[in-house]
Amino acid sequence: MLKKIPRLILPDFMKALMEMGHGDEVVFGDANFPAESLGKKVIHMENSRITEILEAVMPFFALDNFVSENVILMSVVAGKGEEPSVWGKYDEIIRKYDEEKAFQGFSFLTREEFYERAQKACIVVATGEREKYANIILKLGVVEGEA
């Protein structure tokens, strides 16, 4: 067993993250997200909330600082809900671990645009997140100067 790897990061998820390269994206879909029909590689983490997964992943996930759209949310459909409170938690977690200060705020896509982008993602993580519009995409950056 390895040390300091959060227990919620199972081997298939760690392997998928390790296989990502600069510019690749990972989608964290809420419980309503159509992960299987959109993702080419789906990791099932239905017993976890997205905030828990972000807390586990962000300490070693470098956001892409070559683009401004490195953290993307699905916009709330007009008249179909309010801004989810979880977005504030995402902001807090990402800023806490973003050592390069690459995160300049969220970018937003419509539901259809988000689904289209998810089809191109390296990984889609199916979570048990119950809050509507909790879907989020992270774009991986470059790690420099570390062995």
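Peptides 123-133, 97-107, 75-85, 42-52 ranked from most to least packed, by the mean per-residue count of other Cβ atoms within 10 Å: 123-133, 42-52, 97-107, 75-85. If you take all other residues with their beta carbon under 12 Å from the beta carbon of Glu92, and give Lys and Arg +1 and Asp and Glu -1, the sum is 0.
When shorter helices are ignored and each DSSP H run of at least 4 residues is given -39500 (n - 2.57), the per-residue value for the chain at 222 nm works out to -7500 deg cm²/dmol. Relative to the Cα centre, the charge distribution of the chain, modelled as +1 at Lys and Arg Cβ and -1 at Asp and Glu Cβ, gives a dipole magnitude of about 340 debye.
Taking 0.36 nm per residue of separation and subtracting the Cα-Cα distance, full extension of the segment from Phe108 to Glu46 would add 19.9 nm. Partners of Lys132 within straight-line reach, counting lysines whose Cα lies under 16 Å from its Cα and excluding those fewer than 8 residues away in the same chain: Lys80, Lys89. Above 19 Å, the calculated P(r) of segment 31-94 contains 49 percent of its Cα-Cα pairs. Cross-link check: pairs Lys40/Lys139; Lys101/Lys139; Lys3/Lys41; Lys40/Lys101; Lys41/Lys139; Lys41/Lys96 evaluated at a Cα-Cα cut-off of 24 Å; pairs beyond the cut-off: Lys3/Lys41; Lys40/Lys101; Lys41/Lys96. Model label points for Ala31 and Glu82, set 7 angstrom from Cα along the Cα-to-Cβ axis, are 2.0 nm apart.
Every number in this text was worked out from the coordinates using simple rules, so none of it is lab data. Since we're looking at a predicted model, the values are computed, not measured. Note: ideal-geometry Cβ built from the backbone for every residue, glycine included; neighbour counts use all protein chains shown.
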